[in-house]
Amino acid sequence: MKHNKKLDNFCLILVMIFLFLPIFVLILFSFNTSRLNIVFEGFTFHWYKDLFSNRMLLDSLGNTLIVAVISTLISTIVGTISAYALKKYDFPFKNFINELLYIPVVIPEIVLGISLLCIYTVLKFELGMMTLILSHISFSIPFVIISVRSVLEQMDPNLEQAASDLGASKLKTFFYIVIPSLMPGIFSGAQLAFTLSLDDVVISYFTAGPDSNTLPLQIYSMIKTGVTPDVNALITIMLLIIFLVLCVSMVINIRNLNKGELK
């Protein structure tokens with residue numbers, strides 16, 4: 001059967017339109033003169049000016065970034081060490097723990113959110129930033145472990161042996177040999193943990209306090225009365241920053257590939 005490249009290209013274009021059209025509409029309506037996100041009536045930068053005077057929205061964004069950064073750092077460190085320990089060492093119930101790691105990944109978020117809320121209630125923890133950060137760490141660690149372990153499986157075990165034969169201690173071997181070799185997996189796991197934390201709604205809904213409202217929760221609470229265009233303006237700025245980061249990352253990767261080919 002002859003392969004139809006034109007049909008493949010057409011399907012690819014439809015998929016790209018399906019994925020990016022909502023984003024384009026969101027960006028477009030951030031410049032809308034109308035407060036209602038229904039019809040585009042005119043072009044204005046008014047909402048970008050109003051954004052910086054909306055303290056509630058900016059405070060929720062600040063909480064989101066604080067929780068995402070802290071939970072990502074902790075979950076990446078704990079997840080990397082845990083993945084290495086699960087790969088290199090034998091201990092009781094190791095296989096059982098390996099299977100348990102997939103439970104937070106596959107269970108519905110509402111189950112995890114209610115479970116965490118029950119734990120905080122039993123321990124008499126006051127809901128706030130601390131419980132929110134702990135919750136995000138708990139569901140991010142398995143993703144980091146899985147990401148790091150996938151790279152660890154492909155790592156040459158002779159590297160550590162060679163470093164040991166040359167007189168390097170286990171600590172130096174870990175930091176100078178293992179960590180650099182695992183950086184692709186560590187970076188992927190950290191990126192995934194940050195993304196999951198940044199847009200989480202369900203778990204945050206059950207574990208956040210009155211003074212720890214995040215941006216997704218703030219936008220969710222605005223749905224009943226209508227999401228204002230200054231939210232679109234904020235998301236447009238975030239998309240621009242993400243696009244610039246991706247461009248810089250792509251340039252760095254291209255340079256690294258060119259250096260590798262030159263060598």
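Using Rg and Dmax of the Cα atoms in Å as the read-out, say which of [x] 22.9, 72; [y] 18.7, 58; [z] 19.5, 62 was calculated from these coordinates.
From the options [x] 22.9, 72; [y] 18.7, 58; [z] 19.5, 62, the structure gives [x].
Can you tell me, using C-alpha contacts under 8 Å and at least 6 residues apart, the relative contact order of region 68-201 as a whole percent? Intermediate results must be reported in sequence, preceding the final value.
Numbers: 113 pairs, mean separation 59.3, N = 134.
Averaging sequence separation for qualifying contacts and normalising by length gives 44 percent for region 68-201.
Just read off the accessible area of residue 118 with the full protein assembly in place, 1.4 Å probe, to the nearest 10 Å².
We get 70 Å² for residue 118.
Accessible area of residue 187, 1.4 Å probe, to the nearest 10 Å²?
120 Å²
Could you order 255, 149 by accessible surface area, starting with the largest, using a probe radius of 1.4 Å? Numbers along the way, then the final one.
Values: 255 155, 149 35 Å².
From most exposed to least exposed: 255, 149.
Per-residue HN-Hα couplings for region 31-40, Karplus 6.51 cos²θ - 1.76 cosθ + 1.60 at θ = phi - 60°, whole Hz, x for Gly and Pro?
Per residue, the Karplus-derived 3J(HN,Hα) values read 9, 7, 6, 7, 6, 8, 7, 10, 10, 7 Hz.
Ordering 186, 235, 110 from largest to smallest accessible area (1.4 angstrom probe), what's the sequence? It would help to have the intermediate numbers written out before the result.
Working: 186 20, 235 45, 110 85 Å².
Reading off the accessible areas and sorting them downward yields 110, 235, 186.
Among all helices in the chain defined by DSSP H, which have a length of 30 Å or more along the axis from Cα atoms plus a Kyte-Doolittle mean of at least 1.0? Don't jump to the answer; show the numbers that get you there.
On the way: long enough: 5-29 (35 Å, 2.20); 55-88 (49 Å, 1.11); 129-154 (38 Å, 1.34); 229-262 (49 Å, 1.42).
Taking the DSSP H segments of the chain (at least 30 Å long, mean hydropathy at least 1.0), we get 5-29, 55-88, 129-154, 229-262.
Using heavy-atom solvent-accessible surface (probe 1.4 Å) with all chains present, what is the largest-first order of 136, 46? Intermediate values should be presented prior to the final figure.
On the way: 136 0, 46 85 Å².
Of 136, 46, the descending order of accessible area is 46, 136.
State the Cα centre-to-centre distance between region 149-163 and region 125-140 in whole Å.
Spelled out, the Cα-based centre of one part sits 34 Å from the other.
State the Cα centre-to-centre distance between region 226-250 and region 1-58 in whole Å.
11 Å
Past the 23 angstrom mark, what percentage of all C-alpha to C-alpha distances in region 134-263 do you count? Mind dumping the intermediate values first?
Values: 4785 of 8385 pairs.
More than 23 Å apart: 57 percent of the Cα pairs in region 134-263.
State the percentage of accessible surface on the chain attributable to carbon and sulfur atoms; use a 1.4 Å probe and exclude ligands, DNA and RNA. Intermediate values should be presented prior to the final figure.
On the way: 12360 of 17340 Å².
C and S fraction of accessible area: 71 percent.
The values are calculated or read from the model by the stated rules, or taken from the named source; none is laboratory data. Just so you know, these numbers come straight off a predicted model, no measurement behind them. The protein model used for the area step is the full one, side chains on, heavy atoms only, and it has no ligands, DNA or RNA in it. Shrake-Rupley method; radii C 1.70, N 1.55, O 1.52, S 1.80 Å.
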